[in-house]
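FYI, it's all coordinate maths here, none of it is from the lab. What you see is a predicted model; the values in this text were computed from it and never measured. So basically every Cβ, Gly included, is an ideal-geometry build from the backbone, and we count neighbours across all protein chains shown.
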DNA sequence: CCGATAAGGTTGCGAGCGCAACCATTTGTG
DNA sequence: CACAAATGGTTGCGCTCGCAACCTTATCGG
């Protein structure tokens, strides 16, 4: 356990948890990039939109923004690019003509069904470096931090 | 424990660890920003340079880039801004006139001694949401992941 | 029923970042 | 000793992102 008094006069960045979490997140993204980027030519916003639309068809840009925690302009641009690549389709909603329903196209769904197992396998291959007890402990801490920072949906 | 078969055909982003780690890192940065940003007017690169130079005086830009894992251009610009604010000073090295030794100025050191306790306290206040056992388990998993992804110095 | 306000979504713009190219200096090699 | 290659660091450029402003459509209040 790395207990540490609060009154220290120096700060080692390599031991500072916020820094380590940023570094870990970047490393993890890098580790995952090989599946969505090199193989499918998606960047992170596009990948997140694909993942969201794939599991929750007929959703709005707003819903995507909320559940991915991305800014709505970032979502808007990712959607526009995916539509240009004909991976998703948009239809104006009948009830509310401001919003547009987003769904996967045929080729989008094909990519999705190919992409998801690879992404999940990559996640597993990452987490396999942890023993079952380590994984459980890590996820418990992660959940508590998420609740504390109100990061859940 | 969130065991999950690898052959699932759908992916819930909210349960996908790489996504959750990115979200946590962003949330943590946000949580920390109040000390270095609002109070001292530093952005993240500047804050990291300050932290590094403060604990390791007379280091080079290269050393800062390596230990913060930032791109050397990002470091170069952060240093230039901190120098313009007279928080750090640079002196050309005698042995190798390409490199420049970076150190905190008087006012830089004053800011550092004010900043470090606040940052550490903020880190503690974040981690206090975890029980001691949760913290230990979380840090253990974090370390293992760091080793696996080769994120250490 | 009309005007004000809000909500879904897009776009112009400026800031920050990484890549590649560059300058200055040092090190290695014939 | 000279020249090629490597290293520390900076800068031009294009890309991405978030903010603010905007357009369109819905909703609310009188």
Taking a ≥ b ≥ c as the square roots of the eigenvalues of the Cα gyration tensor of the protein assembly as shown, is the shape rounded (a/c under 1.5), prolate (a/b larger than b/c) or oblate? prolate
Taking only Cα atoms, what is the 0 to 90° angle, nearest 10, from helix A:72-84's long axis to the longest principal axis of chain A? 50
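Counting only helical runs of four or more DSSP H residues, what would the 222 nm mean residue ellipticity of chain B come to if each run contributes -39,500 (n - 2.57) and the total is spread over all its residues?
-19000 deg cm²/dmol
Using r as the Cβ-Cβ distance of residue B:71 and residue A:103, and R0 as 45 Å, what FRET efficiency do you calculate, to the nearest 0.05? Let's see the in-between values first.
Details: r = 38 Å, r/R0 = 0.85.
Using R0 = 45 Å, I get an efficiency of 0.70.
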So the label point sits 7 Å from Cα along the Cα-to-Cβ vector; using that for residue B:136, what distances do you get to the other copies, in nanometres, sorted shortest first? 1.5
Cα→Cβ-extended label distance, 7 Å offset, between residue A:146 and residue A:80, nm: 3.2
Would you look at the GNM of chain A, springs on alpha carbons closer than 10 Å, and say which of A:20, A:100, A:85 moves the most? A:20
Once the mean 1/r over all distinct Cα pairs of segment A:16-125 is inverted, what Kirkwood radius in angstroms do you read off? 14.7
Other-copy label distances relative to residue A:147, 7 angstrom Cα-Cβ extension, nm: 3.0
Along the axis that rotates chain B into chain A, which residue of chain B has the nearest beta-carbon, and what is the gap in whole Å? B:137, 1
Taking Cα atoms, how many degrees apart are the long axis of helix A:44-55 and the longest axis of chain A, rounded to 10 and kept between 0 and 90? 70
Report, as an integer, the average count of C-beta atoms from other chains found within 10 Å of each Cβ along B:27-39. 3
Could you give the distance between the Cα centres of segment A:111-149 and segment B:33-104, to the whole Å? 35
Relative contact order of chain A, defined on C-alpha pairs under 8 angstrom at six or more residues apart (%): 20
Put a label point 7 Å from Cα along the Cβ direction on residue B:77, then list its distances to the equivalent points in the other copies in nm, shortest first. 1.5
Taking Cα atoms, the helix B:17-33 axis meets the longest principal axis of chain B at an angle in degrees (rounded to 10) of 40
